[in-house]
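The values are calculated or read from the model by the stated rules, or taken from the named source; none is laboratory data. Values in this document were obtained by computation on a predicted structure and should not be read as measured data. Please note: Cβ atoms are built from the backbone with ideal geometry, for glycine as well, and neighbour counts cover all protein chains shown.
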Amino acid sequence: MIDFITLCDYTGTFAFAISGIRLASAKQFDWFGAYVVGVVTAVGGGTIRDILLNATPFWMEQASYLIISALALLFVIIFRKYVIRLNNTFFIFDAIGLGLFCVVGLAKALDFGFPMWVAIVMGTITGSFGGMIRDILINEEPLIFRKDIYALACVLGGLVYCACLQVGVSTALTQFISALSVFVARIIAVKYHISVPVLKGEE
């Protein structure tokens, strides 16, 4: 039986891989190039997290992440008329991956015995850094550096995670609520154009 955090990990991998492949298709990448972008999007944040936690990067111990990314490519190829043409497809899958990966990073840091503030940082890195590497690869300004609420949504999810544990909410429900809070924060921020003020160098 797959536990909730593993389900989050696999679902987040699929969602993030699709978001990367979706953007790669807009840049007219070939199938292999799109797959590479999808893999990097899916495992990039978790890889940086594991290096910082002094752990072997997760995808090097289990081939399932590369397989899931391949399935994401197959999914986009088969349903490309729907996936590629829908402008909100990238956003939805990216928001799902952001929330799920944030929780995965939080849980792993806590399992390694780090304090909550470190777990929040690791959750933010896991959720947002894969997308940052993706944007660099496709020559786009990284989403994390724009005024959109992106990495901050992960910080919010981490605070919600902490609050739930403090009041005695079960671990599985805590993880679900935290992931949902990241997803909802991202949706609300985009829908109502909520953003971080821009730091202006000069007037």
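Brief remarks on what is shown
- Some residue of the stretch 67-74 being within 16 Å of the chain's Cα centre (by Cα), closer than 24 Å to Asn139 by Cβ, at pLDDT 90 or above and part of a helix (DSSP H, G or I): yes
- In the set (1) surrounded by 12 or more Cβ atoms within 10 Å (Cβ to Cβ); (2) over 19 Å from Ala15 (Cα atoms); (3) among the β-branched types (Val, Ile, Thr); (4) in contact (Cβ under 8 Å) with a residue 40 or more places away in the chain, the condition left unmet by Val182 is number (2).
- Val104 meets the conditions (1) β-branched (Val, Ile, Thr); (2) farther than 20 Å from Leu7 by Cβ; (3) in a helix (DSSP H, G or I) in every case but one. The failed one is (2).
- Residues in the stretch 20-47 that are of a type in the set (Asp, Glu) and closer than 17 Å to Thr126 by Cβ: there are none.
- Of residues in the stretch 1-41 being crowded, with 23+ Cβ neighbours inside 10 Å and among the hydroxyl-bearing types (Ser, Thr, Tyr), the one farthest from Phe93 (Cα to Cα): Thr41
- For the stretch 79-99, the criterion of being surrounded by fewer than 21 Cβ atoms within 10 Å (Cβ to Cβ), without any contact (Cβ under 8 Å) to a residue 60 or more places away in the chain, touching a Phe, Trp or Tyr at 6+ places or on another chain (Cβ under 9 Å) and not acidic (Asp, Glu) is satisfied by no residue at all.
- Meets criteria (out of contact with any helix residue (DSSP H, G or I) (no Cβ under 7 Å at 6 or more places or on another chain), assigned to a helix (DSSP H, G or I) and β-branched (Val, Ile, Thr)) for Val121: yes
- Per-region count, the stretch 141-171, residues in a helix (DSSP H, G or I), at pLDDT 90 or above and hydrophobic (A, V, I, L, M, F, W, C): 12
- Any hit, the stretch 49-64, residues being under 19 Å from Gly131 (Cβ atoms) and under 13 Å from the mean Cα position of the chain (by Cα): yes
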